Every structure is written in structure tokens, then in C-alpha cells.
1. Cβ contacts < 6 Å: first residue in contact (Cβ under 8 Å) with a residue 40 or more places away in the chain and at positive phi, restricted to the stretch 122-145; second residue part of a helix (DSSP H, G or I) and more than 16 Å from the ligand (Cβ to nearest atom), any location; separation 6+ or different chain. Result?
2. Taking the stretch 104-116, which residues are part of a loop (DSSP other than H, G, I, E, B) and closer than 22 Å to L89 by Cβ?
3. Among the candidates R95, R88, which residue alone is surrounded by fewer than 20 Cβ atoms within 10 Å (Cβ to Cβ) and at pLDDT 95 or above?
4. If you scan the stretch 161-197, which residues turn out to be on the phi < 0 side of the Ramachandran plot, without any contact (Cβ under 8 Å) to a residue 40 or more places away in the chain and either touching a Cys at 6+ places or on another chain (Cβ under 7 Å) or away from the ligand (no atom under 16 Å from the Cβ) (or both)?
5. If I ask for residues that are within 14 Å of the ligand (Cβ to nearest atom) and either within 18 Å of L86 (Cβ to Cβ) or over 15 Å from the mean Cα position of the chain (by Cα) (or both), which ones from the stretch 132-149 would you list?
6. Spot the failing condition for A227; the list is (1) under 26 Å from F138 (Cα atoms); (2) away from the ligand (no atom under 13 Å from the Cβ); (3) in contact (Cβ under 8 Å) with a residue 60 or more places away in the chain, and only one is missed.
7. Among the residues of the stretch 240-265, count how many are closer than 15 Å to I123 by Cβ, out of contact with any Asp or Glu (no Cβ under 8 Å at 6 or more places or on another chain) and outside any helix (DSSP H, G or I).
8. Taking the residues in the stretch 230-265 that are of a type outside the set (A, V, I, L, M, F, W, C) and within 16 Å of the ligand (Cβ to nearest atom) as candidates, determine which candidate is surrounded by the fewest Cβ atoms within 10 Å (Cβ to Cβ).
Amino acid sequence: MLTSRPPCLSFSPLLQVVGYAFFLCLVGPVIASERASTGDHAEPAAPAAVPAAESKPAAPADAAVDTTHVSAAVAPVESISAPEALGRLISGNQRFISGDAEHPRQSKARRGALAGGQHPFAIILTCADSHVSPEIIFDQGLGDLFVLRNAGNLADDHVLGSIEYVVEHLHAGLVMVLGHSKCGAVSAAVSGGKVPGHILIIVEDIEPAVEAVADKPGEMVDNAIRAKALLVARQISRSKPILSSAVEAGHLKVVAARYDLSTGQVVILP
Ligand SMILES: [Zn+2]
């Protein structure tokens, strides 16, 4: 697909120190040319029209931004643009909605070609809910999406660190925070009351979104689902030092979206 330098050549000293050896073991070297070695890699061109909300400006980064981490490692030359990545997601979702899913890039050849590395074109942070499987609802294949999931699509430090890794070393330029209708985690936060064990941590993380929509008309759970996705997208955009710097430099776009369990449609939130 896209030529890329080995990740080891783009490490910043700090990240070397804190040990991304785990990730290197996980992903291996980036493939020099996936297209040359796979017969099923071609992706249909992005649709000419992307959702209107796609033009929504990214959430503003903090004024005082440490730009020391914005190095050649996050240069966009080796990745597709954020609008093109979003177009791929939307066109795949349209195939899924209409029942015309192509299940692309899931062949034995694709698996073999990816064995040496990966170059996902988008990062998806979504709920762990079993209805919301990104590769299925966006009709994508192996190696296309870097997916992070937990109940409520929350961005804790582990999630932020994972996104930072992909932005810095795999050069993905799009993050989508994907909430979904009828989210049980958000419903629990709206319901209030006592919850056991570690579930409390999840509910407490969602409560600010619930409070933000307390006075809004409409269905409270769905309002909170939308608010939470937008808040997490803003949190990612403002995360220092790596992600906020990448956003400010124009190398990263973060969008929030909502998936409808009934229709299968993903809508970008304004
Ligand atoms: Zn959910």
C-alpha cells in the first residue's frame, strides 16, 4: 500500500526509553509494499462526497503545546489523508447497510502479506458491545483498522498510549470515536444508583457526559451517548504531548460518530 520506514528508525528517545519493544514485538516492521504482495488489497476509491459533518474542524488543541514530539515520525506523506480514510469507512459502512458487504482483504494471501507488519489507515475507538465490530460494520479487512474497545468507548491512559503509538509509528491520520445507540454503559450512568466492582469506574467516567445533557430535550441516554463520543474525541485531540501536537500540525484528525444498532448506519457527529 504505502512505503514506510521501519518503526525502529522513527522512535523518539523518550519512547525508546519507556520501551515500545512490546509494540515492536506485536506489530513487527512495517510492510514496504503491501500492494505488491497481495492480490486483494485494492480499495475502491473513496466516494467523492463524504458526510457533511466530515468538514467539522477538529477540536482545538491546548494553546501551549509541546511540539517536540512532532517529528518526521508523524509526517503524513506515508499515509492516506484523513478525508480519504473517512471516505473508506463511510463507503464500507454503506456496503454493510445495504447488505452488499465485500469482506475485502481477508484472504490467505492477505494474512501472509501482513505477517511482517501492519499499516492500518484508521484508528477506531469504540464500545466493546458485541453489536459494534468495526471490521464488520465498515466492511474492512485484516490490517485495515487499529481497533480499541472497552465498555463506553473510554480513553484511559492505555488507550491514549495505544493511539499515540499508531500515530507516531504507523502514521494513521484518522481517529474515530464511535459510540452507539442503546449503549449499556451509558444507560447505567444515566440510571445512576449503585454499581458493583470495577463497573463503577466506567460509570464515573461517563457521568460528565450525562451531566452535560441533563437539561437538553430529547432522549437522555442517546444524548449522553453522543456527548460522550464528542467528549472523548476532544480528550484525544487535546492529549499532550503527542496527539495534540499531531492535530495542531494537521497530521491527525479526530472525529466522533454514532452507530445505530438497528439501521447499521454510522453518522459523524457535528
Ligand atoms: Zn456500549
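The values are calculated or read from the model by the stated rules, or taken from the named source; none is laboratory data. Bear in mind that the values here come from a model prediction, so they are computed numbers and not experimental data. All Cβ positions, even for glycine, are placed from backbone atoms using ideal geometry, and neighbour counts span all protein chains on display.
1. Close Cβ pairs satisfying both conditions: D139/G92; D139/R95; D139/F96; G143/L114.
2. Answer for the stretch 104-116, where residues must be part of a loop (DSSP other than H, G, I, E, B) and closer than 22 Å to L89 by Cβ: P104, R105, Q106, S107.
3. R95
4. Answer for the stretch 161-197, where residues must be on the phi < 0 side of the Ramachandran plot, without any contact (Cβ under 8 Å) to a residue 40 or more places away in the chain and either touching a Cys at 6+ places or on another chain (Cβ under 7 Å) or away from the ligand (no atom under 16 Å from the Cβ) (or both): G161, S162, K194, P196.
5. Passing the criteria: V132, P134, I137, L148.
6. Answer for A227: the failing condition is (3).
7. 6
8. Ranking the candidates gives S262 first.
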